[in-house]
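One structure is given here, and the rest of the page talks about it.
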């Protein structure tokens with residue numbers, strides 16, 4: 001069925017990811033990043049313009065070290081200095097986002113501990129995003145594990161009902177890129193959308209100041 005894409009002015013904090021970057025239960029996924037997280041790239045302002053300033057220190061909740069020089073980010077982190085249950089971490093992510101996609105999931109093994117990289121005011125997402133929203137979240141786990149979401153009810157995002165297909169996150173011990181994509185569409189005059197959750201980084205996403 002053909003669907004026409006329309007432009008929606010949706011805030012940039014909406015989690016979303018490029019379909020081509022997402023790996024789910026249909027294509028294996030679970031490559032993982034490894035014990036050391038090395039991040040780099042240009043930094044953008046929220047309006048989509050390039051940031052060209054400097055920050056001597058990047059503050060994160062997992063430790064690590066990094067800077068921004070001439071608008072380019074570099075950051076390295078190893079084992080996080082603070083961890084919690086993976087289940088509680090993703091449930092808290094649901095709470096912060098305002099919709100319920102991780103809370104109903106199954107976690108195997110259930111006692112996996114994890115941490116999510118969070119900068120004070122910087123996210124890897126699409127600058128000046130419109131009808132397709134992307135964001136990457138980097139998550140560390142203490143062992144190989146799997147998160148499965150099935151039969152998740154549609155969630156409301158900015159007043160639009162968005163479907164959530166079944167997903168599998170095969171996370172490897174160490175750092176992983178968890179990706180999601182929200183594509184807003186219109187069919188038969190009714191707005192809707194699809195939120196795809198998977199693993200893998202995205203070339204579309206940039207480091208953006210909130």
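Among the numbered conditions (1) more than 28 Å from residue 32 (Cβ to Cβ); (2) touching a strand residue (DSSP E or B) at 6+ places or on another chain (Cβ under 8 Å); (3) surrounded by fewer than 20 Cβ atoms within 10 Å (Cβ to Cβ), the only one that residue 193 does not meet is (3). Inspect the range 112-131 for any residue being more than 15 Å from residue 169 (Cα to Cα), at pLDDT below 95 and assigned to a helix (DSSP H, G or I) and give the result as yes or no. No, the conditions are met nowhere in the range 112-131.
A single entry from 141, 118 fulfils the requirement of being over 19 Å from residue 203 (Cα atoms) and within 14 Å of the chain's Cα centre (by Cα): 118.
Among the residues of the range 151-164, are any under 16 Å from the mean Cα position of the chain (by Cα) and modelled with pLDDT of 95 or more? Yes, because at least one residue in the range 151-164 is under 16 Å from the mean Cα position of the chain (by Cα) and modelled with pLDDT of 95 or more.
Exactly one condition in (1) more than 18 Å from residue 90 (Cα to Cα); (2) at pLDDT 95 or above; (3) surrounded by 19 or more Cβ atoms within 10 Å (Cβ to Cβ); (4) more than 14 Å from the chain's Cα centre (by Cα) is false for residue 170; which is it? Here residue 170 meets the rest and fails (1). When restricted to residues that are within 14 Å of the chain's Cα centre (by Cα), touching a residue at least 60 places away in the same chain (Cβ under 8 Å) and under 13 Å from residue 145 (Cβ atoms), the range 173-201 contains 2. With respect to residue 104, determine if the residue is assigned to a loop (DSSP other than H, G, I, E, B) and either under 15 Å from the mean Cα position of the chain (by Cα) or crowded, with 21+ Cβ neighbours inside 10 Å (or both). So residue 104 does not fit the description; no. When the residues of the range 28-41 are narrowed to those that are out of contact with any strand residue (DSSP E or B) (no Cβ under 6 Å at 6 or more places or on another chain) and surrounded by 12 or more Cβ atoms within 10 Å (Cβ to Cβ), which ends up modelled with the lowest pLDDT? By that ranking, first place goes to 31.
The values are calculated or read from the model by the stated rules, or taken from the named source; none is laboratory data. In this text, all values refer to a predicted model and were calculated from it rather than measured experimentally. FYI the Cβ positions are ideal-geometry reconstructions off the backbone, even for glycines, and counts take in every protein chain you see.
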